[in-house]
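Quick notes on the structure that follows.
The values are calculated or read from the model by the stated rules, or taken from the named source; none is laboratory data. No experiment lies behind these values; they were computed from the predicted model shown. Here the Cβ positions follow ideal geometry from the backbone for every residue, glycine too, while neighbour counts run over all protein chains shown.
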Amino acid sequence: MLQNPIASQESVFFDLAKGLQHTKFGEAHGFSKFSNPISLRDFKSQIPIRTYDEIKPWIFKAHEGAPNVLWPGDVTWFAKTSGTTSDRSKLLPVTQDSLKSCHYKGGRDLLAMFCDQRPNAPLYSGKHLIIGGSSTLHANGSGSYTGDLSAIIVRNLPSWVEMRRTPGREITLLEDWEKKVDLMVDQIIHEDVRILAGIPSWMLVVTHRVLDKTGATSLDEVWPNLWLYMHGGVGFSPYQSEFQRLIKSPNINYMETYNASEGFFSIQDSLDRDDMALLLNHGIFYEFIPRGEVGGASPMTLELQELEVGEEYAIVISTNAGLWRYMLGDVVRLTSRDPYRIQVTGRVSSFLNVVGEELMVDQVENAIASTMFKLSLSAKDFTVAPRFAEDGHPIGHTWAIELLSQNASTLSANDLAVTLDKELKLLSSDYDAKRTGDLVLQMPDIQLVACGTFERWLKENNKLGGQHKILRLSNTRTFLDEILRVIPNRFTMLG
C-alpha cells in the first residue's frame with residue numbers, strides 16, 4: 001500500500017464498482033449488473049457528491065431492512081454518531097466487508113507499524129485497555145442494530161483481540177458511564193496493561209481515577225510495562241503534557257489514528273513524525289476537493305496523484321459500507337507523497353471539537369436562540385471557545401455573550417448556564433455524552449460582555465461592514481481572548 005499507492009486505489013475502485021452494480025443505488029444512477037465495468041469518468045459524472053442529509057434517505061431504506069440498497073446484501077449494523085447539520089445524530093451503515101477490510105484491518109496495520117519500529121515491545125504479554133463510547137446496541141425490529149461504532153466493534157471483535165482486551169465485556173457493554181468507569185477502574189488496576197487505546201479526554205478520566213484508587217503518583221507504578229497509547233478523535237496536543245506527567249516511562253510511545261464511523265482513514269506510520277499515512281487499500285476510494293473550491297455548485301475532485309504537498313483538501317469518500325461520493329466534512333493537509341501522508345486541519349464548516357463533542361455552528365446558534373427565548377432575553381452576538389485547566393487540557397467551553405443592554409440586570413447566571421447546557425444536550429448527542437457527570441466537560445462558563453463589545457473589536461480590526469462576521473466557534477482561545485481584552489468592565493458568571 002505504501003509503496004504502490006496509485007495501484008492500491010485503482011484496485012479499491014475496481015472492487016467498489018463491482019459492488020455498486022449490484023445495488024439499488026447503482027441502478028438509480030445508471031449502473032447495473034448487466035452494465036459494462038464502471039469507469040471512473042462515468043462514476044464521477046453519474047453520481048453527484050452528497051452530504052449526509054442527501055444520502056440519508058438511502059441509509060434509512062437499508063435501516064428499515066431492505067437488501068442491496070447501498071451495498072450488496074443486508075446491512076446488520078448502523079453506527080450512530082453526531083455531527084450532521086440537521087439531526088441530533090447521524091446513522092451510518094457498517095457492513096461486514098467494512099469491518100473486516102477497513103476497521104479491523106486498520107487496527108492490525110497500526111500494531112504492525114508499531115512493532116516494526118519497536119520490535120522488542122512486549123505488547124502481547126499483557127492486556128490492552130480499550131475505551132470506546134457507549135457499547136449498548138439497540139435492535140430496530142428489522143433485524144439490524146444501532147449504536148456507537150465502538151459497540152459494533154466490541155460485538156464483532158476477532159478472538160485474538162478479545163482475549164487481550166480489558167475491561168471485560170460485561171463492563172464494556174454497560175451504558176451508564178459513571179457506573180462503567182467505577183467498575184472499569186476496579187478491574188484494570190489489577191491487570192498488566194501494555195496498551196492504551198481511546199479518545200484522550202476519556203482516557204484522562206479513567207487514568208486519573210486509577211491514580212486516585214491506587215494512590216500511585218504515576219501510571220508507571222500501576223502498569224510498569226506500558227508501551228503504547230493509540231489515540232484519535234480529537235487533537236492530541238492539548239493533552240500531551242498531562243499524559244507526559246502521568247506516564248514517566250521512557251518506553252511509552254504515542255500513535256495517532258484517524259478513524260471514524262465512516263471508515264479507518266490513516267495511521268501515524270512513523271513514531272518520529274506528527275502526520276499520518278493514508279490507508280489506501282482498506283475499502284475506501286478517495287477524492288479530494290481543494291479547500292478553496294468547497295461549496296461550489298459542481299466542484300471538481302482530484303485523484304491522489306494530482307495532490308500537492310502543503311495544500312488543504314476536503315475529503316470525498318466511497319466505501320464498502322455503501323457511502324458513495326460522500327462529503328466527509330473533514331479538511332486535511334497533504335504533508336508527503338512518499339508515502340502519502342496527511343494532517344487533519346479541521347472541518348469544512350466551523351466547529352468546536354476539543355474532547356469529541358463536535359459542536360456545529362447551527363447547533364450552538366439554535367441552542368442560544370432557544371435559551372434566549374426561554375429566559376425572555378435577547379442576544380446581540382456571541383462566540384464560543386474551549387476552556388482549559390491549569391495543566392492545559394480542555395475542561396469545558398467559554399461563551400462570550402453580548403446581550404441587549406436592557407437584559408443584563410434581569411439575568412440569572414445559573415438559569416442561563418443550565419438552560420444553555422440543556423439545549424446543547426438536546427441538539428448534540430456527542431456533547432450530551434461528554435457532559436455526563438461532569439467527567440469530561442464542565443458546565444458552560446458564561447462571560448457577559450458589555451453592549452458594543454463585538455462592534456468595537458470589528459472596528460479596531462478594520463472589519464466593520466456586512467461582509468465580516470463574528471467567529472462563532474473556534475478550537476483555540478485566540479479570538480475569544482481578543483474579545484475579552486477589549487472590555488474594560490465585564491460581567492462574569494460561572495454556571
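All but one of (1) in contact (Cβ under 8 Å) with a residue 12 or more places away in the chain; (2) charged (D, E, K, R); (3) within 23 Å of Arg435 (Cα to Cα) hold for Asp212, so report the exception by its number.
Of everything listed in (1) in contact (Cβ under 8 Å) with a residue 12 or more places away in the chain; (2) charged (D, E, K, R); (3) within 23 Å of Arg435 (Cα to Cα), Asp212 misses just condition (1).
Looking at the range 46-55, can you tell me whether even one residue there is touching a residue at least 60 places away in the same chain (Cβ under 8 Å), buried (at least 16 other Cβ atoms within 10 Å of the Cβ) and of a type outside the set (Val, Ile, Thr)?
Checking the range 46-55: at least one residue is touching a residue at least 60 places away in the same chain (Cβ under 8 Å), buried (at least 16 other Cβ atoms within 10 Å of the Cβ) and of a type outside the set (Val, Ile, Thr).
Considering only residues that are at pLDDT 85 or above and over 15 Å from Glu358 (Cα atoms), which ones fall in the range 404-422?
Within the range 404-422, the first condition is being at pLDDT 85 or above, and the residues that meet it are 416-422.
If the condition is that a residue be at pLDDT 85 or above and over 15 Å from Glu358 (Cα atoms), then Leu416, Ala417, Val418, Thr419, Leu420, Lys422 are the ones that fit.
Among (1) surrounded by fewer than 17 Cβ atoms within 10 Å (Cβ to Cβ); (2) touching a residue at least 12 places away in the same chain (Cβ under 8 Å); (3) of a type in the set (Asp, Glu), which single condition is Asp109 missing?
The number of the failed condition is (1).
Run Asn461 past the list (1) touching a His at 6+ places or on another chain (Cβ under 9 Å); (2) modelled with pLDDT of 90 or more and report the number of the one that doesn't hold.
Here Asn461 clears every test but (2).
Residue check: is Leu183 crowded, with 18+ Cβ neighbours inside 10 Å and either modelled with pLDDT of 90 or more or within 30 Å of Ala7 (Cα to Cα) (or both)? Talk me through it step by step, then tell me what you get.
Details: crowded, with 18+ Cβ neighbours inside 10 Å: no; either modelled with pLDDT of 90 or more or within 30 Å of Ala7 (Cα to Cα) (or both): yes.
No, not satisfied.
Which residue, of Thr166, Thr207, is farther than 20 Å from His393 by Cβ and in contact (Cβ under 8 Å) with a residue 12 or more places away in the chain? If you could, list the steps in order and put the result at the bottom.
Working: Thr207 fails: farther than 20 Å from His393 by Cβ.
The conditions single out Thr166.
From the list Lys33, Lys80, which residue is surrounded by fewer than 19 Cβ atoms within 10 Å (Cβ to Cβ), modelled with pLDDT under 95 and not β-branched (Val, Ile, Thr)? Spell out how you get there, then give the answer.
Working: Lys80 fails: surrounded by fewer than 19 Cβ atoms within 10 Å (Cβ to Cβ).
Result of the check over Lys33, Lys80: Lys33.
For the range 165-180: of the residues being among the basic types (Lys, Arg) and surrounded by 16 or more Cβ atoms within 10 Å (Cβ to Cβ), which is nearest to Asn259 (Cα to Cα)? Quick ask: steps written out before the conclusion?
Initially, the range 165-180 is screened for residues among the basic types (Lys, Arg), giving 165, 169, 179-180.
Narrowing the set further to residues that are surrounded by 16 or more Cβ atoms within 10 Å (Cβ to Cβ) leaves 165, 180.
On the way: Arg165: 19, Lys180: 24 Å.
So, considering only residues that are among the basic types (Lys, Arg) and surrounded by 16 or more Cβ atoms within 10 Å (Cβ to Cβ), the one nearest to Asn259 (Cα to Cα) is Arg165.
Of the residues Val418, Val449, Val440, which single one is touching a residue at least 24 places away in the same chain (Cβ under 8 Å), of a type outside the set (Ser, Thr, Tyr) and within 22 Å of Lys90 (Cβ to Cβ)? Let's see the steps before the verdict.
Values: Val418 fails: within 22 Å of Lys90 (Cβ to Cβ); Val449 fails: within 22 Å of Lys90 (Cβ to Cβ).
Exactly one of Val418, Val449, Val440 is touching a residue at least 24 places away in the same chain (Cβ under 8 Å), of a type outside the set (Ser, Thr, Tyr) and within 22 Å of Lys90 (Cβ to Cβ), namely Val440.
Conditions tested, residue by residue: (1) part of a loop (DSSP other than H, G, I, E, B); (2) modelled with pLDDT of 90 or more; (3) over 20 Å from Lys425 (Cα atoms); (4) touching a Gly at 6+ places or on another chain (Cβ under 7 Å).
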| residue | (1), (2), (3), (4) |
| --- | --- |
| Val332 | no, yes, yes, no |
| Ser336 | no, yes, yes, no |
| Gly346 | no, no, yes, no |
| Gln363 | no, no, no, no |
| Ala369 | no, no, no, no |
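Answer yes if at least one residue in the range 362-373 is surrounded by fewer than 16 Cβ atoms within 10 Å (Cβ to Cβ), without any contact (Cβ under 8 Å) to a residue 40 or more places away in the chain and either among the polar types (S, T, N, Q) or within 25 Å of Lys179 (Cβ to Cβ) (or both), and no otherwise.
No, the range 362-373 contains no residue that is surrounded by fewer than 16 Cβ atoms within 10 Å (Cβ to Cβ), without any contact (Cβ under 8 Å) to a residue 40 or more places away in the chain and either among the polar types (S, T, N, Q) or within 25 Å of Lys179 (Cβ to Cβ) (or both).
Given the condition assigned to a helix (DSSP H, G or I) and at pLDDT 95 or above, answer yes or no: does some residue in the range 65-72 qualify?
Taking the range 65-72 and keeping what is assigned to a helix (DSSP H, G or I), we get none.
No, every residue in the range 65-72 fails to be assigned to a helix (DSSP H, G or I) and at pLDDT 95 or above.
Within the range 118-220, which helices (runs of 4 or more DSSP H) (wholly inside it) include 3 or more residues that are within 20 Å of the chain's Cα centre (by Cα) and within 20 Å of Gly107 (Cα to Cα)? I'd like the intermediate steps shown before the answer.
Values: elements: 149-155, 159-162, 169-172, 177-188, 200-214.
Filter on the range 118-220 gives 149-155, 200-214.
Can you find, within the range 104-133, the residue that is modelled with the highest pLDDT among those that are within 24 Å of Lys434 (Cα to Cα) and out of contact with any Lys or Arg (no Cβ under 7 Å at 6 or more places or on another chain)? Full working, then the answer.
Narrowing the range 104-133 to residues within 24 Å of Lys434 (Cα to Cα): 128-133.
Imposing the further condition that a residue be out of contact with any Lys or Arg (no Cβ under 7 Å at 6 or more places or on another chain) reduces the set to 129, 131-133.
Details: Leu129: 94, Ile131: 86, Gly132: 76, Gly133: 67.
Across the range 104-133, the extreme among qualifying residues is Leu129.
Tell me whether the range 421-436 contains one or more residues that are among the aliphatic types (A, V, I, L, M) and within 30 Å of Pro290 (Cα to Cα).
Residues of the range 421-436 among the aliphatic types (A, V, I, L, M): 424, 426-427, 433.
Applying the additional criterion that residues be within 30 Å of Pro290 (Cα to Cα) yields none.
For the range 421-436, residues among the aliphatic types (A, V, I, L, M) and within 30 Å of Pro290 (Cα to Cα): absent.
Tell me, yes or no, whether the range 164-179 has at least one residue that is modelled with pLDDT of 95 or more and among the basic types (Lys, Arg).
Start the filter on the range 164-179 by keeping residues that are modelled with pLDDT of 95 or more, which leaves none.
Taking every residue of the range 164-179 in turn, none turns out to be modelled with pLDDT of 95 or more and among the basic types (Lys, Arg).
Residue-by-condition table, conditions (1) in the same structural domain as Leu424 (by TED's automatic domain parsing); (2) charged (D, E, K, R); (3) in contact with a Lys or Arg (Cβ under 8 Å, 6 or more places away or on another chain):
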position	(1), (2), (3)
Glu306	no, yes, no
Gly310	no, no, yes
Ala321	no, no, no
Tyr326	no, no, yes
Gly329	no, no, yes
Leu334	no, no, yes
Pro339	no, no, no
Ile342	no, no, yes
Leu359	yes, no, no
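Take Thr345 and decide whether it is within 27 Å of Asp42 (Cβ to Cβ) and of a type in the set (S, T, N, Q).
Working: within 27 Å of Asp42 (Cβ to Cβ): no; of a type in the set (S, T, N, Q): yes.
Answer is no for this residue.
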